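Reviewing the structure listed below.
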Amino acid sequence: MKKLYIFHVLLLTLSMQSCFVDQNTATNNSGDDLPTLNIYTDRHYPIDDTIFRKFEKQYGAKINVVKGKSEDLLNRIDKEGAATKADIFLTADVGRIYQAKQSGFFQPMQLPENINFVPDYLYDEDGVWVGITKRARVIVHAKDFDASNLNDYEDLVLPEFKGQIAVRSKENIYNQSLLAAIIANNGEDAALEWVKGVVANMYQSPKGNDRDQVKAIYVGDAKIAIVNTYYLGHLLTSDDAEEVKAAQSIQVLFPNQSNRGTHINVSGGGVLQFSENLELAEKLFNFLLSEEVQKLYAESNFEFPARKGVPSSDIVSQWGKFKEDDTPLSKIGELNTQAIKLFDRGGWK
Amino acid sequence: MSVLELQNISKSFDGKAVLNDCSLEVFANEILALIGESGSGKSTLLRIIAGFEIANEGVMRIGEQILFGDNHFVKAEKRKVAIVFQDYALFPHLTVDQNIRFGMPKTAKNDKELNQLLEIFELTNFRKNKPNQLSGGQQQRVAIARAIASKPDVLLLDEPFSNLDQSLRKKVRKEILKIKVDFQLPIIMVTHDPEDTIALADRVAVLENGKIIQTDSPLKLYHEPINTYVAQLFGPAFVWKNKIYRPEQVKITPHGQRDKVVEINPNIHYHLVLLQSQVILMDYAKKLKVGDDITWSIE
Amino acid sequence: MKKFLLGKNKYLGWLLLALTLTSLLFFPLIFILEGLGDSSNENVQHIQQYLLWDLIRTTIRMVLGTVAIAVVLGLPIAYLTATFDFPLRRLLRTANILPIAVPTYIMAFVYSSIFSVSGSFIKLQLYIFGEDFMPFRIDVMRETWLMLFLGFALFPYVYSACLASFSIQNKSLDEAAASLGAGAWKRFFKLHLPLVFPALLSGIALVTMEVVNDYGAMSYFNVNTITAGIFQAKQMDFKSSVYLSAMVFIGIFSFYMLFYFFKSTKKITHLTTSGNNLKQLTKFKRILITFFVAIPCLLGFIVPLMELLYLASFRLSTLTSSRFLITIFNSAQLAIIPAIIVVIVTLILLYNQYINKGRLSEFLSYLSTLGYAIPGAIIAVAVMAFVIYFDSPEKRFYHWSIDALVLLIFAYILRFLAVGYHTLEGAFLRISHTVPDAARSLGASPLKTFFRISFPIIKPAVLTTVAVVMVDILKELPITLLLQRFNFDTLATVTFEKVKITESVRDASPYALLLIFVGTIGVLLLMGKENKG
């Protein structure tokens, strides 16, 4: 009997050993054969994996990914300090990119040549981060809704829209960046008034995700919603007929066309300070900005390509061309924390 | 010479005294009964002897070896003390064979000894059974066989009769007496039952509130009890508590010393104990029927 | 002499081992206190000024609401199941544990999906009454509904604790009370309730910890508990959450210690069970009871399962995708190792409590199970800080521990030791201490006694404990997200990713389904063993 238990224990340790070794190969081969890039990313889209595999093939490299929440990843980069294995930090919001830059996490990179095709408000003036795709935070309303007085984000506070607005919580980073843009353009006091005005017009206390806001219009609970374009794309191509109907029931309105333009957020990243693979990382960013890859982003994830001249997907382009707010995104990133505070002060839950 | 010797053992749990200055000797080929009410500390004393508890004070030896005291402490597994628990504590996942073999010293004679034990305890037919396939009496025999197989210097029995019915009781009593003789073992038996005590014990130690108040043969305990508790242990006794109003007519001698006289204090209460066996009522007039109430008095 | 002998009867090896393990499990948590130095952080001040009271109030509200639902369902159902005979009793007895296999965030997402405008609730109405029917809608995206959904998911904690306690209550007690003229209600409130109270309390404690720890469900419903506050602090500046975390840790720790002293003075030993004589009732009452008792497993398990099955039917291709298969493999492997270690550590702590009786050993075990009360995200950061602090400048050990998943596994052990401990403790205490005592008095060393007597006897319970801990690890999210290594997915992280980022419960359904499926197997294993024992 006794021998049997010892055998159990042995078996256990053996199996533990073997599985650790087995899975380690993913990161261990850096020195052996392939040059490797380690990426911490908050972009959890299937298309990203496809694109990374393409890069691996084309450049004979290996890409390893940790997918997590931006806040967790930044925390981890901070804690790991000089010892971090990560080469690149990617995220889907400029606020987090800004925090990374402010914390000195990025090292300057040689801007890829493809950057020439990217408008300059989409990358960092010091050249430490680069935007890859854009998302527009647009206003949508019910097709049968008279939106003649609704042109700008600022119009959302008009008393006539009382009880008609559907929007997500303050926790949503896209809302935070939108408010940061309003602070940047109108100043803090006006922004606070705007928060209070929108809160007064909400049909209910904020809940759910972007898809839910569109559905609220579809069933008539609300008339107006603030959403990201790429969720609309996903709704329109959903295999759930009700979701498609919901997306078809709304009209997209690009705000502030007569003045500063529609707020856009950026998805992108930079090379981390302690990375020793700067060259390969630069290659990756150049690759991500290449026409071919930009098309992939546009078509499969309904994001707007950062690169000029690359068309959006058919679904997105049917909403028409629009003027973008060209407030430097680094400014918007800087104002992120202040935006969160304004939300709290204005009572936006 | 005593095999097991306890001197001035005291033990307290969380500041509450459980055993208080207990001294005890057990000789070879002797059964000592530890008797007392529940909570009197008898189980704790047994656990201290077995080595599961450590006393706060005192000395304990087996033969020449100090098990406890004088900066020594021998752990339970190093003591040659075997214990048979009230619930037998058989190993449920092992067969009778394996249970008995568990504590056997690793010598070549193992199998022979095992077979002998199985035979003595009438377990040969059940040797491959698991404990839950045995009756209560069989389980107890396994537990005793197992304890003896480990060749202890002292055998401890914790309430060996509490789970047995009357007919089994008598059988087990015989077995225990046989063990004493066959294996020449000193046995300490914890019990609360006077009948078992009288039937088995060579000597009895009475525990009351953590103190050993009297250690003697059962007969002596009966005839010369040290207090009313001991007096009432082995059967009904009549107890009066009163002052002595005419001290000149009463003589009291201390326990065990008939030639000494104790001076009587007329202001304190004394107990007068009359054992049942010492009272014989004679009905000279032959007027009484069985069941009649009678009144009588002491003058 | 007394002093000198103190400890001589101790088995120092075991005590040191237990002490080492406890320190290893407790010491990293101290690193949470690093954050206390950060009180002047202006983001923290903002949160204190504008949010803190609201966060605390919401947390208390959510805890009270969820606990109320778990108790209102769990307590009477446990009583009815343990006391009366009714149709499907044996089946429901087990089935009511199953909601525990559904993580709280999946419960919340599935229910909001069912009642969403494109959800099954509406579709079912249209299917039954025709396309022109104006469907009846229920808006479940409310705090009160969330309490209900969380209540479904967490009900088994109260139910199983109370069921075990009711089941071992002596039937003759009830009969004695009845013979004294106490009616059924009076007997329940005056007799059974006080006896079951400690078990009820431990069930409530578990529900409370789960509610405080939940982030996914709360964030979707935008119910801002203290965990949401920590997350907002992280958003404002990933460093400013440490102060709040430290405060939360101090709060929980004080509470935990208070509970220890409260608990240790109130130990109630139960009488042993006497037969399984269930009471008979009239037919009408029996059927009524069946309906009531079926509610939790129906709403907490069957309904979400059906919905997920329905949703997964649109994603059949996922089931054969390589990512899906790799994820299953990863999850299973990742869960089983810490589960086994949890059991080993638990065994050591329990055996140490047996071999070295006393307050110290008891306290060590109690301290080791603290991790379950602390939100996962806080534990993950603490563990990381702990390892990095002691590492060489090159952080070789840290990297190895991340790559080999050692750090992740360590954090799991820290968090889920309590689960293993409480599952195994019952089995361990059920062996009379005289059994190992007897082995030792026969000359077996403590080690031999452990391997040849104690361990073999509780081996069945060991297996179930591994299964139960595995279920909890499979469901775990925040620690996994923070301490994962490169190229690594688990069922929980993928489910989260699909629900949160692509906002599609459909995409998540195959992963969620499998998560529940694996959990269900674990629970059934547990119940199977308990029914036998």
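The values are calculated or read from the model by the stated rules, or taken from the named source; none is laboratory data. Please read these numbers as outputs of a predicted model, since none were measured by experiment. Methodologically, a virtual Cβ is constructed for each residue, glycine included, from the backbone with ideal geometry; neighbour enumeration extends over all protein chains shown. Accessible surface is based on the protein model in full, side chains and every heavy atom, while ligands, DNA and RNA are left aside. Shrake-Rupley method; radii C 1.70, N 1.55, O 1.52, S 1.80 Å.
Observations on the structure shown:
- For region B:26-84, average projected area of the Cα convex hull in nm²: 4.7 nm²
- Rounded to whole Å, the principal axis extents of the Cα atoms in the protein assembly as shown read 134, 69, 61, largest first.
- Kyte-Doolittle mean at least -1.0 and Cα axial length at least 27 Å: DSSP H helices in chain C: C:52-83, C:143-167, C:193-213, C:241-264, C:322-355, C:406-430, C:455-475, C:505-532
- Relative contact order for chain C, counting Cα pairs under 8 Å that sit 6 or more residues apart, in percent: 23 percent
- Exceeding the 32 Å Cα-Cα cut-off - candidates C:K123/C:K234; B:K211/C:K190; C:K357/C:K395; A:K57/C:K498; A:K85/A:K321; A:K134/C:K475: C:K123/C:K234; B:K211/C:K190; C:K357/C:K395; A:K85/A:K321; A:K134/C:K475
- Label zone at B:D202 (point 7 Å along Cα-to-Cβ), backbone N below 16 Å, region B:56-91: B:63
- Here is the P(r) of region B:188-240: all C-alpha pair distances, binned every 10 Å from 0, give 25, 61, 14, 1 in whole percents.
- Think of chain B as a dipole: +1 on every Lys or Arg Cβ, -1 on every Asp or Glu Cβ, centred on the Cα centre; then among B:V84, B:Y284, B:S23, B:V84 lies furthest on the positive end.
- Note on region B:42-149: with charges restricted to the Cβ of Lys and Arg (+1) and Asp and Glu (-1), its dipole about the Cα centre is near 260 debye.
- Of C:I344, C:I328, C:I114, the order by accessible heavy-atom surface (1.4 Å probe, DNA, RNA and ligands excluded), from most exposed downward, is C:I344, C:I328, C:I114.
- Relative contact order, percent, chain B [alpha-carbon distance under 8 Å, six or more residues apart]: 20 percent
- For region C:104-194, the fraction of alpha-carbon pairs in successive 5 Å shells from zero, as %: 3, 12, 14, 12, 10, 9, 8, 9, 9, 8, 5, 2, 0
- Among B:S40, B:S277, B:S12: highest mean-square fluctuation, GNM of chain B, C-alpha pairs under 10 Å: B:S277
- Label point of C:R430 set 7 angstrom out along Cα-Cβ; within region B:124-166, amide nitrogens under 19 Å from it belong to B:131-133.
- Partner chain coverage, peptide C:116-126 - average Cβ within 10 angstrom: 4
- Volume per residue of the convex hull around the Cα atoms, evaluated for region C:137-238, comes out as 123 Å³.
- Cα pair distances of region C:277-327 binned at 5 Å [whole percent]: 4, 16, 13, 13, 13, 10, 8, 7, 6, 7, 3, 0
- Largest mean-square fluctuation among A:R53, A:R137, A:R96, in a Gaussian network model of chain A whose springs join Cα atoms under 10 Å apart, belongs to A:R53.
- Reduced Cα scattering model of region A:205-349, Debye log10 I(q)/I(0), q = 0.08, 0.19, 0.21 Å⁻¹: -0.30, -1.32, -1.39
- Highest-first arrangement of C:401-408, A:182-189, where packing means the average Cβ count within 10 Å: C:401-408, A:182-189
- Descending Cα extents along the principal axes, region A:166-281, whole Å: 54, 43, 29
- Database remark: amide H of B:E57 closer than 5 angstrom to the amide H of B:S10 (H placed geometrically; neighbours at sequence offset of 5 or more, or on other chains; Pro and chain starts carry no H).
- Mean shadow area of region C:60-135, taken as a quarter of the surface of its Cα convex hull (nm²): 7.7 nm²
- Mean per-residue shielding of peptide B:97-105 is 3, counting Cβ atoms of other chains within 10 Å of each Cβ.
- Sorting the segments B:123-129, B:221-227 by their mean number of nearby beta carbons within 10 angstrom, highest to lowest, gives B:221-227, B:123-129.
- Heavy atoms of A:Y59 accessible to a 1.4 Å probe, total area in Å² rounded to 10: 80 Å²
- Accessible area buried, both sides summed, chains A and C with 1.4 Å probe, Å²: 6600 Å²
- The candidates A:E193, A:E56, B:E25, arranged from most to least accessible area with a 1.4 Å probe in the full protein assembly, appear as A:E193, B:E25, A:E56.
- One quarter of the convex hull surface built on the alpha carbon atoms of chain A amounts to 22.1 nm², the projected area averaged over directions.
- Modelled label reach - C:E131, point 7 Å along Cα→Cβ, region A:227-245 residues with backbone N closer than 18 Å: A:240-245
- Taking the Kirkwood radius as Rh and the Cα radius of gyration as Rg, region B:90-204 has a ratio of Rg/Rh equal to 0.96.
- Computed about its Cα centre, the charge dipole of the protein assembly as shown is approximately 4700 debye, with only Lys, Arg, Asp and Glu carrying charge at their Cβ.
- Hydrodynamic radius of region A:274-349 per Kirkwood, over alpha carbon pairs, in Å: 15.6 Å
- Calculated on the Cα set of region C:1-159, radius of gyration then Dmax: 25.4, 92 Å.
- Evaluated at q = 0.13, 0.18 Å⁻¹, the base-10 log of the normalised Debye intensity for region A:124-167, with identical point scatterers placed on the Cα atoms, takes the values -0.47, -0.64.
- For region B:1-50, diffusion coefficient by Stokes-Einstein and Kirkwood Rh (Cα), 20 °C, 1.002 mPa s, µm²/s: 182 µm²/s
- q = 0.27 Å⁻¹: log10 I(q)/I(0) that the Debye formula gives for region B:118-175, counting C-alpha atoms only: -1.30
- Local electrostatic count, B:H223, Cβ distance below 15 Å [Lys/Arg +1, Asp/Glu -1]: +1
- Label sites at A:D49 and B:K286, each approximated as a point 7 angstrom past Cα along Cα to Cβ, lie 11.3 nm apart.
- Selection from C:Y372, C:L21, C:F238 lying farthest towards where the dipole of chain C points positive, charges on Cβ: C:L21
- Counting only other chain Cβ atoms within 10 Å of each residue's Cβ, the peptide A:208-216 averages 4.
- Most to least packed among B:283-295, B:241-253, C:429-441 [average Cβ atoms within 10 Å]: C:429-441, B:241-253, B:283-295
- Estimated Rh, region A:35-129: Kirkwood, alpha-carbon pairs, angstrom: 14.4 Å
- Each principal axis of the Cα cloud of chain C was evaluated for its coordinate range; sorted largest first, these ranges are 90, 73, 50 Å.
- Out-of-range pairs (alpha-carbon distance over 20 Å; input A:K196/A:K341; A:K62/A:K308; A:K143/A:K349; C:K10/C:K448; A:K295/A:K331): A:K62/A:K308; A:K143/A:K349; A:K295/A:K331
- Positive-end extreme of charge dipole, the protein assembly as shown - chosen from C:H433, C:Y79, C:L311 (charges on Cβ): C:H433
- Pairwise centroid distance, computed over Cα atoms, of region A:220-262 with region B:89-168, Å: 82 Å
- Note on surface exposure: B:K42, B:K220, A:K321 rank A:K321, B:K220, B:K42 by accessible area, highest first, 1.4 Å probe.
- Note on region B:119-177: with charges restricted to the Cβ of Lys and Arg (+1) and Asp and Glu (-1), its dipole about the Cα centre is near 200 debye.
- Area accessible to solvent at A:H141, 1.4 Å probe radius, in Å²: 10 Å²
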